[in-house]
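One structure is given below, encoded as structure tokens.
Bear in mind that the values in this text are calculations on the coordinates, not laboratory data. Keep in mind that this is a model prediction, so the values were computed, not measured. As a convention, Cβ positions derive from the backbone with ideal geometry for all residues, glycine included, and neighbour counts pool all protein chains shown.
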Amino acid sequence: MRLRRYFIRRREGRRLLESFAREVGLSFETLFGGKVAVEVVEEDGVRVYLVGGEARLVEAGGRVVPALTYAEVVDALPRVVVDMGAVPHITNGADVMAPGVVRVDGSFEPESLVVVVDERHGKAIAVGSALLSSEDLAKAKRGKVVKNLHYVGDRAWKLMKRLP
């Protein structure tokens, strides 16, 4: 239950941020600029990365994913739009199921990062890993289609909200 904050070495931080930028398909300079200091905040197995003093990345499911508050990246990711009936389940940590998907915006392959948004407000409610390609997901009628990695109200979200 103890909060730990520390900076990681510049080289490690740059390596982490470059691999993240490659994964989301954006350039390092566009996302982070020049020299950056990466601070890690850990509590009860939850790890949040602060870049420039702001929560930018979250370690979830063995992957580093963008924090839902990191609008520049979240807005650039492919979107999976879900109906309002799926929202409470997704914000409780459930994976996205095919019947709840209304439409898919953008193209992606399996294992790609996608953002899950609600259909009414268009707000990002989760970041997940696609289990199917965008074409297959649009056709799917049943089963899991997106593995939920980080969602509104999870432990990482609550930790980010408590940070000064």
Per residue of the stretch 22-35, in order, report the coupling 6.51 cos²θ - 1.76 cosθ + 1.60 (Karplus, θ = phi - 60°) as ³J(HN,Hα) in whole Hz, putting x for Gly and Pro. 4, 5, 8, x, 10, 7, 4, 5, 4, 7, 10, x, x, 5
Among Ser129, Ser112, Ser19, determine the one that fluctuates most according to a GNM of the chain built with springs between C-alpha atoms less than 10 Å apart. Ser19
Convex hull volume per residue for the stretch 74-151, taking Cα atoms only, in Å³: 69 Å³
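Per the helix-only calculation at 222 nm, which mean residue ellipticity applies to the chain, given -39500 (n - 2.57) for every DSSP H run of n ≥ 4 and division by its residues, nearest 500 deg cm²/dmol? Please list the in-between numbers first.
Working: 6 runs with 42 residues, N = 164.
So the calculated ellipticity at 222 nm is -6500 deg cm²/dmol.
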Of Gly62, Gly25, Gly153, which has the largest mean-square fluctuation in a 10 Å C-alpha GNM of the chain? Gly62
Label Thr30 and His121 with points 7 Å out from Cα along Cα→Cβ: what is the distance between them in nm? 2.8 nm
Using every alpha carbon pair in the chain, what percent of pairs falls into each 10 Å bin from 0 up to the bin containing the largest distance? 11, 40, 33, 14, 2
Taking neighbour Cβ counts within 10 Å as the exposure measure, how do Met97, Met84 sort from fewest upward? Met84, Met97
With the calculation restricted to Cα positions, what are the radius of gyration and Dmax of the stretch 4-71 in angstrom? 11.2, 32
